[in-house]
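Right, one structure below, let's go through it.
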Amino acid sequence: MRKLGGLAMMALALSWATSAHATIWIHSDSGGRIEDYLSRYRSARASNERVVIDGSCLSACTLVLGIVPRGRLCATQNATLGFHSAWEPDDHGHAVISARWTHVVLANLPGAIRHWISRRGGLRTEMLYLRGPELAQFVPACTA
């Protein structure tokens, strides 16, 4: 069964390989600096790269949803998105919620995702997870 899954992913990669553009595969991305992800995904958008989410895409990684066009983005059955409020270190190095960066995150997510987050109480320190059939409502499934 695992071999069949690997073959399906290979077929998907080959079907996209006919394009002159690269494909970015997200397998296990826990996020990082928001500015870095904004820059990375804007570059991907400008160069017409495709993005396959095939594992966890957490925190700043989720900005891909609002920056890379929907037609160049897909999620496999392994995909999990995780959203939380943004934070930054205070003068003592402790993590504190950043209203400014949380606003930047929300402003760069699609309206439907913002609505989904809002219905769950908004962004907070605890992670909100989006996966499976619920994720498929927002991100097209990858097909070979």
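Here are the numbers for this structure:
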quantity	calculated
Long-range amide H partners of Gly31 with built H, under 5 Å	Leu58, Cys61
Amide H partners (placed H, <5 Å) of Thr80, local residues excluded	Gly55, Ser56, Cys57
Point-charge dipole on Cβ atoms (K/R +1, D/E -1) for the range 24-136, about Cα centre, debye to 20	500
Shape call, the range 24-136: gyration tensor on alpha carbons, a/c limit 1.5	prolate
Using θ = phi - 60° and Karplus 6.51 cos²θ - 1.76 cosθ + 1.60, couplings along the range 82-91 (whole Hz; Gly, Pro as x)	x, 10, 7, 5, 6, 9, 8, x, 7, 4
For a label point 7 Å along the Cα-to-beta-carbon line of Arg131, residues of the range 75-90 with backbone N under 13 Å	76-83
Mean Cβ count within 10 Å, highest first, over the residues of peptides 66-78, 122-134, 88-100	66-78, 122-134, 88-100
³J(HN,Hα) computed for each position of the range 46-59 - Karplus, 6.51 cos²θ - 1.76 cosθ + 1.60, integer Hz, glycine/proline x	5, 9, 6, 6, 9, 10, 10, 8, 10, x, 7, 9, 10, 6
Environment charge of Arg33, counting only residues whose C-beta is closer than 13 Å and scoring Lys/Arg +1, Asp/Glu -1	-3
Relative contact order [Cα under 8 Å, 6+ residues apart], the range 24-136, whole percent	25
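Every number here is computed from the coordinates shown, using simple stated rules; none is lab data. All values reported here derive from a predicted model rather than from experimental measurement. FYI the Cβ positions are ideal-geometry reconstructions off the backbone, even for glycines, and counts take in every protein chain you see.
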